[in-house]
Every structure is written in structure tokens, then in C-alpha cells.
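Have a look at this one before I ask anything.
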Amino acid sequence: MPCKENNIRISLKMATAAMKRSVKQLHFGGSDEKAAAAAEIKRFAGSDLRTRRSLAELGVIPPLVSMLLDSSAESIGRRIAIEALLELANGTFTNKALVVESGLVAKLPLILNTLDSSTQEELATLLLSISSLAKTQFSIPPHEILPFLINILNDHDAGDEIKVKCLATLYNLSTKIETTKLIVSSGLVHGLLSFSPNRRTSTEALATLANLVLSSVGKKAIEEDSMVPEVFIEILAWEGMPQSQELVAYILMVIAHQSMKLRKKMIALGIVPLLLEVALLGSPLAQKRSLKMLQWFKDERQAKLGAHSGPQSEIFGISNVLPLKEERREECKRAIRKMVKQSLDQNLESIMRRANVSEGGSRIKALVFNSSSKSLPY
């Protein structure tokens, strides 16, 4: 046992010595030595959280950020620096904050056009990691990050994978209400709506829109876009994408709540049958939101019918001397219209009762939902 403990102590001393050599190389070595040191630091940082914190205390983050920002450096050295920073930021808000304080975000616009595609993708991953700071009290300057995100989202040659990372970063930034106006003024709402029908980018785009719609400026921008509500109704009909359905139902509820014009447009586009289908077959959260909208439409229809359903006084005139055949035809039409209205009301109530039963029964199943959906108020 003593021999084993001695071996462990010796291994720890050797590892600490190697780590200190790498830190010294990173600070004072040439470009090749720095790249090799960054690779070693990446390896050390991948071991455990305690080591990551120790490396940060030894001051490795500022020189790694400097390597990344050095536009004259080779691409491989910059990529290794990003990879090391990614490992150091993993699981620690303190290290993420140190990356921001070392000037990465502030100087991001300066290196926008100096990165090759693979380095851009690595940087997008790093920005996604540090953007989670937006959910804390730490302040991230979003106006420095947005140009990078917009540049990639508008690049037709960029793949879906890097765009998903940028959309996820945008979602993190949009969790702060003060960032909403900047995102909207950057013209990103239409872009987010354009990414929504793509099943690979839909969830991140819709989650960001669900954050933006909570502000008056975001709600107005979404409601007035030419793609609304058609794009949302299209997504509502998807199968096998429950989270997208939940987010779409939520956004529609918010933008249509005080807009009779939009609700009429939704009805004309055939949303009611889709809502009925979601209310029966969707996830519990999508069912709840669909039922709420169906209740709106039902209440409005009943109010409209109620205005004309009172007793009618008999009016004598030309109609009283119509031929009997014509009079009976009109009576039949009125009777048929009445039966159709009654049937629609009964069917809707029956379907909604069945959906409520389905909603209650489905709670027994231990379904797990994404925290972004659970945090929404509906």
C-alpha cells in the first residue's frame, strides 16, 4: 500500500511539472512551441474540472485567446487554441467568464474575415459554450457576437451543423429581454422564420422566436412578417417533431391572442382541423396549447351565433305571398343550417372532451421535455 501511494504521489508531481512546463511554453515560447503547449493544455484540461480550474489559475486563458485572435498565425495553431479553450470552459462559468474578459468577444469583429471554414466552426462551438453565461448575472456584449452569427447564418455555403450552433447561441442570448430589441433590429426575425421549416434547424430557430415574442417589439416583428402564420401552420402539421409543435403552438397563442385579424387568417388557412389533430395526438404540452386556441375559436363562434339566435318577430310583406314551394325550400335551408351548426358544436365538444381525457391519461407516461419548453408560461 505505501508503495502504491508513493507511485501516485510521483505521478502527480510529474503531471504538475509537465503542466507547468506547458504553461511556461505557452507564455514565452515561439509559435510552434505555443501550438504544442496548447495541445498539451487541451489534454490536461480534458481530465477533470479541478485541473481545468488549476490551469485557469495558472493564467493559460489570456495567451490562448491571443493565439486565436492572431490573424497572422497558422490556422492549425488557432484551431488548437480554440480546442484548448473549449476544454477549459467545459463545466465552469468562471473559466467562460475569463475567456470573455480576455477580449475574445470584444475583438471578434476584427477576426471575422480571417478564419477558414473549419476554424469558424470551432469558434462557433466556443461561442455557444460561453453564450450560456447569458443565463447568469455575467454580462456578454451581444452586439459583438451578432455580426459573426449573422455572417454564418446568411452564408449559403455554410452547413446546417454550424448554423444550428449559431442559432443555439442566438437562443442563449435571447433569454435576456434587453437583448431582444438588438436581435430584432438586426433583421434576424425573418431569418429565424426561414430556418423554422427546416427540420434540422427548426427547434433552435423556434425556441429563439419563442423568447423574442415575449417582448412587444419581438411580437410585432413576428406578427407582421410575410411568412406568418403560414409557416407556423405548416410546422404544426409535422409528425415526429413534438418540441417544434409545442413551440409553434406557443408562438401562435401569443401573437393571435389580441389579433382578431390574425385569428381569422388562421381559420381561413385551415388551422382548426390541425389543432384538433394535435389536441388528440400531440404531446401533453402541445395538447394543452391547442385546446386553449380551440376554445378561443369555439367561444368566438358561439358569440357570433348568439347575436342572431334570439326570437325573430314575424314580418309580413311580399314573403308571405310567396309560392308554397319556394317557402318550403327556404324553411328546409334554414333547418339544414341549424342542424349543421348544432352538429359542429357537438362534435367539437366531443373531440375536446376526448382530448382532455387523452391529456390526463398521457401524464401517467413519464415523458421528459426540454427545459426551454417547460419554462414557457403556457
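The values are calculated or read from the model by the stated rules, or taken from the named source; none is laboratory data. Here the structure is a predicted model, which is why all the values come from computation and not from measurement. Note: ideal-geometry Cβ built from the backbone for every residue, glycine included; neighbour counts use all protein chains shown. The protein model used for the area step is the full one, side chains on, heavy atoms only, and it has no ligands, DNA or RNA in it. Shrake-Rupley method; radii C 1.70, N 1.55, O 1.52, S 1.80 Å.
With segment 53-103 as the region, which helices (runs of 4 or more DSSP H) entirely inside it contain at least 3 residues that are at pLDDT below 95 and open to solvent by less than 20 Å² (accessible area, probe 1.4 Å)?
none
Which of the residues belonging to segment 119-139 are more than 16 Å from L170 (Cα to Cα) and either hydrophobic (A, V, I, L, M, F, W, C) or touching a Lys or Arg at 6+ places or on another chain (Cβ under 7 Å) (or both)?
T119, E122, F138
Does segment 30-41 hold any residues that are open to solvent by less than 70 Å² (accessible area, probe 1.4 Å) and part of a helix (DSSP H, G or I), and which are they?
At the first step, the residues of segment 30-41 found to be open to solvent by less than 70 Å² (accessible area, probe 1.4 Å) are 30, 34-41.
Correct list: K34, A35, A36, A37, A38, A39, E40, I41.
Further, regarding this structure: Could you tell me whether K176 is open to solvent by 10 Å² or more (accessible area, probe 1.4 Å) and under 20 Å from A81 (Cα atoms)? It would help to see each step written out before you state the result.
On the way: open to solvent by 10 Å² or more (accessible area, probe 1.4 Å): yes; under 20 Å from A81 (Cα atoms): no.
For K176, the condition - open to solvent by 10 Å² or more (accessible area, probe 1.4 Å) and under 20 Å from A81 (Cα atoms) - is not met.
Can you name the helices (runs of 4 or more DSSP H) wholly within segment 105-204 that have at least 3 residues being under 14 Å from the mean Cα position of the chain (by Cα)?
Numbers: elements: 117-131, 142-153, 160-174, 177-185, 188-195.
Because the criterion is at least 3 residues that are under 14 Å from the mean Cα position of the chain (by Cα), the helices (runs of 4 or more DSSP H) in segment 105-204 that meet it are 160-174, 188-195.
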